[in-house]
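Q: I'd like to ask you about the structure that follows.
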Amino acid sequence: MHLGEQFTHRDIRVFSKLSARPFITWLVATVTLFALATVFLGQTLWLLVPVIAGQGCVSGGLCGAMAPVLEMWMQPALLLAATCVGTLAFYRRGLAVGSRFWALMPLALMLPNLPALFALAHLWGLDLGSALLFFPRWSLLELLPVLVLGVLFCFEVEYMPGYGGSIAGTRLYGSIPAGPLYVASCLWVCSDLLLSPAPNFGVSIATIETVRDVLQFPLSLVDGKVFAGLPPYGERPDMVVPLATLTNLVLFAVLLFALAFDGSGRLRRAGALIFVDKIAENDDKPLFQAGGLNNR
C-alpha cells in the first residue's frame with residue numbers, strides 16, 4: 001500500500017461512524033480538556049509551572065513570572081483542543097444516529113470561549129477577532145445542553161424503542177414531534193454562533209446585542225425567588241439560567257422518554273422493512289442471500 005493510500009484510509013477512519021462505547025472516551029477527553037482550561041486552570045498551572053521551572057521555582061521568583069505567560073498560551077490551546085475533539089466526536093457519533101448536525105453543539109457552545117485565542121494573536125500583530133462578536137459562556141449551566149446530549153450518545157440511541165431513524169425523527173406516541181422540538185431548542189441554544197459573524201453583514205453591535213438579549217433571555221434566582229431577567233436594584237443573583245437552556249433541558253427529558261419508553265419509532269422502522277419486502281418481485285424468495293442480492 002502506498003503512503004498516500006495509507007493517509008486516505010486513515011482519514012476515512014477518523015471521520016467514520018462512532019458507536020456508543022468509543023464515544024465515551026471522546027466525551028471524557030472533551031470534558032477533561034475543557035475543565036483543565038476553565039475550572040481547574042489554577043490547579044493545572046500549580047502542577048506544571050514547578051515542573052517546567054525546575055530548581056529555579058521559588059516563591060516570587062521564576063514561578064511567579066512564568067505562570068501568567070504559561071496561562072496565556074495554555075488556556076487557548078486547551079480550549080481549542082476541547083472544541084476540536086468535541087466537534088469531531090459529535091460529528092462521528094451523529095453519523096451513527098442520523099445527523100451530522102450534532103457537531104455544531106460543542107462548536108457553538110465552546111467556541112465563544114475562545115477570545116483568549118484572539119488575544120494571543122495580538123502578540124503577533126494579528127487581529128483575528130475584529131470581524132466576530134463573541135458571547136463568552138463560562139457558566140456550566142449554559143454548557144449543560146451539550147453535556148446531557150453527550151451522556152445520551154454514550155448509550156445506543158439507534159437501538160432504542162422510540163428511535164425513528166434520527167433524533168429529529170423521534171415522535172412521542174407516534175404524533176407529538178418531540179424530536180423536532182428538541183432540535184429547535186438546540187438551534188435556540190446555539191444561536192450565539194449564528195450571531196457572531198453578523199458584523200460582517202453590516203448589522204450594528206447594538207442591534208445584535210438586542211437580538212441576543214431576546215434569544216438568550218435569562219431567569220435569575222435570588223434568595224429562593226425566581227426573576228424574569230436579571231434581579232432588580234443590581235442584586236447579585238445566586239444563579240442565572242438562560243431560558244433557551246431551561247427549555248432545551250425540559251424538551252430533552254421529553255425526548256428521552258420518547259426514546260426509552262415509546263415504541264412508535266420501532267413500529268415505523270418495522271413498517272419500512274415491510275414496505276421494502278412488499279416491493280420485492282418474488283415474494284417466495286428471500287430478499288437477501290448469503291452471496292448478496294439474489295439474481296433475478
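The values are calculated or read from the model by the stated rules, or taken from the named source; none is laboratory data. Everything numeric in this text was worked out from a predicted model, so none of it was measured. Cβ coordinates were reconstructed from backbone atoms using ideal geometry, including for glycine residues, and neighbour counts include every protein chain displayed. Note: accessible area is taken over every heavy atom of the protein model, side chains too, but ligands, DNA and RNA are not part of it. Shrake-Rupley method; radii C 1.70, N 1.55, O 1.52, S 1.80 Å.
Q: If DNA, RNA and ligands are ignored and the probe is 1.4 Å, what is the ranking of 190, 84 by accessible area, most exposed first? Kindly include the intermediate steps, with their values, before the conclusion.
A: Numbers: 190 15, 84 80 Å².
Of 190, 84, the descending order of accessible area is 84, 190.
Q: Let me ask you something else. Accessible area per residue for region 137-263 in Å², computed with a 1.4 Å probe and the full protein assembly in place, what is it?
A: So region 137-263 comes to 51 Å² accessible per residue, rounded to a whole number.
Q: Further question on the same structure: With N set to the residue count of region 137-263, report its C-alpha Rg divided by 2.2 N^0.38 Å to two decimal places.
A: Cα-based Rg divided by the globular estimate yields 1.25.
Q: Right, here's the next one. Can you give the net charge of the other residues whose Cβ lies under 15 Å from the Cβ of residue 254, counting K and R as +1 and D and E as -1?
A: Summing Lys and Arg as +1 and Asp and Glu as -1 gives 0.
Q: So how far apart, in nm, are the two label points at residue 173 and residue 159 if each is 7 Å from Cα heading toward Cβ?
A: About 3.0 nm separates the two model spin labels.
Q: Under a plain spin-label model, where a point goes 7 Å from the Cα along Cα-to-Cβ, how far apart in nm are residue 21 and residue 250?
A: Placing both labels 7 Å beyond Cα along the Cβ direction yields 3.9 nm.
Q: Once amide H atoms are built 1.01 Å from N in the peptide plane, which residues 5 or more positions from residue 219, or in another chain, come under 5 Å H to H?
A: The list, which skips near neighbours in sequence, is 229, 241, 243.
Q: Sticking with this one: Which ³J(HN,Hα) values, rounded to whole Hz and listed in residue order, are derived for region 101-110 from phi using the Karplus coefficients 6.51, -1.76 and 1.60 in 6.51 cos²θ - 1.76 cosθ + 1.60 with θ = phi - 60°, glycine and proline given as x?
A: Computed from phi, the couplings for region 101-110 are 3, 5, 5, 6, 4, x, 5, 5, 8, 9 Hz.
Q: Using a cut-off of 15 Å between beta-carbons, work out the net charge of the residues near residue 225 (Lys and Arg +1, Asp and Glu -1, residue 225 not included).
A: Numbers: positive: 236; negative: 223, 235, 238.
Here the charged neighbours net out to -2.
Q: Mind listing the phi-derived Karplus ³J(HN,Hα) values for region 140-152, rounded to whole Hz, using 6.51, -1.76 and 1.60 with θ = phi - 60°, and x for any glycine or proline?
A: With coefficients 6.51, -1.76 and 1.60, one gets 5, 5, 6, 8, 4, x, 6, 6, 5, 5, x, 5, 4 Hz.
Q: Please work out how much length the chain gains when fully extended from residue 209 to residue 236, using 0.36 nm per residue of separation minus the C-alpha to C-alpha distance, in nm with one decimal.
A: Additional length available on full extension: 7.6 nm.
Q: Which residues' amide hydrogens lie under 5 Å from the amide hydrogen of residue 18, considering only partners 5 or more residues apart or on another chain, with H built in the peptide plane?
A: Residues meeting the amide H criterion: 93, 95, 96.
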